[in-house]
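One structure is given here, and the rest of the page talks about it.
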There are 2 protein chains.
Amino acid sequence: MDIQTYMHELGRAARAASREMARADTLTKNTALHAIADAIDAATDALLEANAEDVAAALADGLAPAMIDRLTLNEKTIATMSEGLRQIATLPDPVGEMGGFAYRPSGIQLGKMRVPLGVIGIIYEARPNVTADAAGLCLKAGNAVILRGGSEAIRSNRAIADCVSAGLEQAGLPATAVQVVETTDRAAVGQLITMPEYVDVIVPRGGKGLIARISAEARVPVIKHLDGNCHTYVDVDADLVKALSICDNAKTQRYGTCNTMETLLVNAVVAAEFLPQICAIYLDKGVELRGDDTVRALVGADRVAAATEDDWFTEYAAPILALKVVDGLDSAIAHINHYGSHHTDVIVTENYTSARRFLREVDSSSVMVNASSRFADGFEYGLGAEIGISTDKIHARGPVGLLGLTSEKWIVLGDGQIRV
Amino acid sequence: MDIQTYMHELGRAARAASREMARADTLTKNTALHAIADAIDAATDALLEANAEDVAAALADGLAPAMIDRLTLNEKTIATMSEGLRQIATLPDPVGEMGGFAYRPSGIQLGKMRVPLGVIGIIYEARPNVTADAAGLCLKAGNAVILRGGSEAIRSNRAIADCVSAGLEQAGLPATAVQVVETTDRAAVGQLITMPEYVDVIVPRGGKGLIARISAEARVPVIKHLDGNCHTYVDVDADLVKALSICDNAKTQRYGTCNTMETLLVNAVVAAEFLPQICAIYLDKGVELRGDDTVRALVGADRVAAATEDDWFTEYAAPILALKVVDGLDSAIAHINHYGSHHTDVIVTENYTSARRFLREVDSSSVMVNASSRFADGFEYGLGAEIGISTDKIHARGPVGLLGLTSEKWIVLGDGQIRV
């Protein structure tokens, strides 16, 4: 079978399954989630075996250590997968939620009902745990899903998919509600993103290059996460004790996450007092610093490299930080809106008006006052789990959980009303 | 200047203006709306003159009468335009609305704030009134907008754009917040829909062909309205008096609107009683009927033509109706989900469970019980005005008003919280 025919078959099956999933009641969906979790637990040995083959092949192919790390499963990560599915079962079911009903002058009563999106295509790198997470979230939100994981994880993904199918069937749901693309042919991605008749939305998870290419070529809406170039601005009215703690945490708690601070902006008035203190912390932790002339003058040109224009645009995802002194709130906001990636940005201030202006004027999916940017994720926001963090403005913005995998329709309750 | 350079200049100016618009306060935006309305009223003669030139050219080009009709302005339609802008000024400003703030276990307080989308590109046919409506809605929602109207209306659109610019400047807002594409070159559309760096979302308004082409070629999200193939299902438990009134109204109140019923489904048990009555009304009003065998047997093969498979898919937008007898609720829902366009569908029933199932299982942007599908529009829904009716599931579904032209961002209020 050629790739197009194969993908269209997956699409057709997903579309049919999505109608059944949309009707499925909460108990049935939760039963399926538990059954999948149990199947994964029971299949731990088989999963480890399949994964070991993937890892061996990846090592033979000379895959980078960080990718091998993400590819590798062990008993603990498998247990985390099944536990994640059981947690999704505890989340409130968004499907069918109704609200807002109000009478209109015509006499109709108008409200909204939350509904599944339909069929979701997820394209991700060689991280087998995403297969279980994404399947669980899509299932709970009443959708069918087609999963296209990195080819290096194909054996692991197939093994997980078997558990998912078994769990779905055990709960009386269609096994085709969750399908894993069984070919490593790259043309499959090209097909998946250009079948609007079968796929309602694409969620790509992976590198910036992958996501940019998918966005450019897709013929269906894409919920995309590009980069996380996050800022903290230490205002003239900042509590510098809070600022030290927040700036330390935002940069050094984890270096590789998308909500990690990449540029620190400091108000000129407090720069001489604040910068030497915070930079001492960073240097102590081995963070490479790149600053503008003022920063270098205050902290020492031997300790802070000269930042270039490129640095302001960069998501390092590494122990590197760009630092800049700004003359006030307007400059800070302008810098963030120009150089940032509209992900998560923070002001540290005790000033009511500055906080309010920053919240309103910074155009990012999460804007914070006096808190670490590291809070910007689905678990911290109480979404239970996230399918990704959207840097788009359309549909879903910021951490995307169950709600982002649903839509709303209008409901009109009448008593024979006609339009006059 | 070539088209690409020209469109990029519009885009750059729009992006810059969008930042100012996002900051603009409610009073300033309302002042601008009133100033534009006043400018339009004052320029009535100039608008009529420009429009007369457009109409003369269109007549010379042999444009269809229906298109000439939509192109033509008169004193009343111009007054309706300015009145529409004043009405938009009375709508609540959605921008900056905050809510949902709740404490998370970490101590952060998490909520959301409504924000503009940024830059909106609107592509529409030769209907000059859309220029004022769309400008007003986008402006109130804090966006910048680039308007690309049908080339037959170019003189009218330029004249309206002059009023819009004057009003914006009078209120101290950037005149470039609303820009009309000043060329009739079709390549301008191709540029407009492929500048993600300058345009955040495209709203196409027009024929199915235009919208399908834009969706296929766009590199930015599209809020699209495809066809309105709306159904009414008369259930076994329908109150037939209500059913007669609703089915009459849904089909005959206006034939050309997208929320007009195109297919009538009748439960087999009530078909013999109901169909002859409703068909008498339709035939009396000159509606051409196309039915399945059962309908033709009940109403008369001389009065009802034989429907083909194509009829079930068709939005006639004309005094033509397809009719089918179905054996129950399941068949009705399956027919609607398969043949319909997910726009607006209605059940007439007194049965609680049937109503509830229809509302849940019909996958359309508006689903109604005992009301005419003609209610599905922005004014009837209290949105004040609509930029279009979305048949998409992503972002905005059904009538799109001010809210559909906005997004939400997450707001975190902290007191020095860091992630542990």
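The values are calculated or read from the model by the stated rules, or taken from the named source; none is laboratory data. These numbers were taken from a predicted model, which means no experiment stands behind them. Here the Cβ positions follow ideal geometry from the backbone for every residue, glycine too, while neighbour counts run over all protein chains shown. Areas reflect the complete protein model, heavy atoms only, side chains present, ligands, DNA and RNA absent. Shrake-Rupley method; radii C 1.70, N 1.55, O 1.52, S 1.80 Å.
A compact table of results
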read-out	value
GNM top mover of A:T252, A:T131, A:T308 - chain A, alpha-carbon springs below 10 Å	A:T308
Three-way shape call for the stretch B:265-305 based on the alpha-carbon gyration tensor, with the a/c threshold at 1.5	oblate
Gaussian network model of chain B, springs between alpha carbon atoms under 10 Å - residue of B:S407, B:S18, B:S364 with greatest fluctuation	B:S407
Listed residue (A:A177, A:A212, A:V164) projecting farthest to the positive dipole end of the stretch A:160-221, Cβ model	A:A212
Rotational relation A to B, axis-closest Cβ in chain A, residue and distance rounded to whole Å	A:H395, 2
HN-Hα J in Hz across the stretch B:184-194 - Karplus 6.51, -1.76, 1.60, θ = phi - 60°, x for Gly and Pro	9, 4, 5, 4, 4, 5, x, 5, 4, 8, 10
Exposed trypsin sites (Lys or Arg not before Pro) absent - longest run of chain B, DSSP non-H/G/I/E/B, at most 16 other C-beta within 10 Å	B:1-185
Shielding of B:108-116 by partner chains, average beta-carbon count, 10 Å	4
Label distances, nm, A:T194 versus same residue in remaining copies, Cβ-directed 7 Å point	1.4
Shape category assigned to the protein assembly as shown from the gyration tensor of Cα positions, a/c cut at 1.5	oblate
Two-site label geometry, B:A334 and A:T5: point separation in nm, points 7 Å out along Cα→Cβ	2.8 nm
Under-5 Å amide H pairs with B:V145, H placed in peptide plane, nonlocal only	B:I120, B:V178, B:Q179
Amide proton proximity set for B:V201, modelled H, under 5 Å, gap of 5+	B:V119, B:G121
The protein assembly as shown - charge dipole about Cα centre, Lys and Arg +1 at Cβ, Asp and Glu -1, debye rounded to 20	660 debye
Under the Karplus curve 6.51 cos²θ - 1.76 cosθ + 1.60, θ = phi - 60°, whole-Hz ³J(HN,Hα) for the stretch B:376-388, x wherever Gly or Pro sits	6, 8, x, 5, 5, 7, x, 7, x, 6, 9, 8, x
Separation between Cα centres of the stretch A:310-367 and the stretch B:396-414, rounded to whole Å	22 Å
DSSP beta bridges in the protein assembly as shown [antiparallel fraction, %, rounded to 5]	25 percent
Nearest-first distances (nm) between copies at A:L403, label 7 Å from Cα via Cβ	1.2
Along chain A, longest interval not containing exposed GluC sites (Glu not before Pro), exposed being DSSP loop plus at most 15 other Cβ atoms within 10 Å	A:198-349
Listed residues A:G149, A:N337, A:A13: farthest to the positive end of the dipole of the protein assembly as shown (Cβ charges)	A:N337
Estimated FRET transfer efficiency when R0 is 56 angstrom, pair B:A216-A:K285 (beta carbons, to 0.05)	0.65
Rounded, prolate or oblate (a/c below 1.5 giving rounded, otherwise prolate when a/b exceeds b/c) for the stretch A:47-126 by Cα gyration tensor	prolate
Counting DSSP beta bridges with both ends in chain B, the antiparallel % (nearest 5)	30 percent
Nearest 10 degrees, 0 to 90: helix A:240-252 Cα axis against chain A principal axis	50 degrees
Cβ-vector label at 7 Å, A:L27, separations to other copies in nm	5.9
Heavy atoms of A:M113 accessible to a 1.4 Å probe, total area in Å² rounded to 10	10 Å²
With DNA, RNA and ligands ignored, accessible area of A:L63 (1.4 Å probe; Å², nearest 10)	40 Å²
Nearest-0.05 FRET efficiency for B:R86 and A:A318, computed from C-beta distance (R0 45 Å)	0.25
Amide H within-cut-off set for A:Y124, under 5 Å, with H built and near neighbours excluded	A:R148, A:G149, A:G150, A:R205
Helix-only mean residue ellipticity at 222 nm for the protein assembly as shown, each DSSP H run of n ≥ 4 adding -39500 (n - 2.57), per residue, nearest 500	-14000 deg cm²/dmol
Chain A: most fluctuating residue of A:V222, A:V178, A:V299 per GNM, C-alpha cutoff 10 Å	A:V299
Chain B: angle of helix B:128-140 to the longest principal axis, Cα-based, in degrees nearest 10	60 degrees
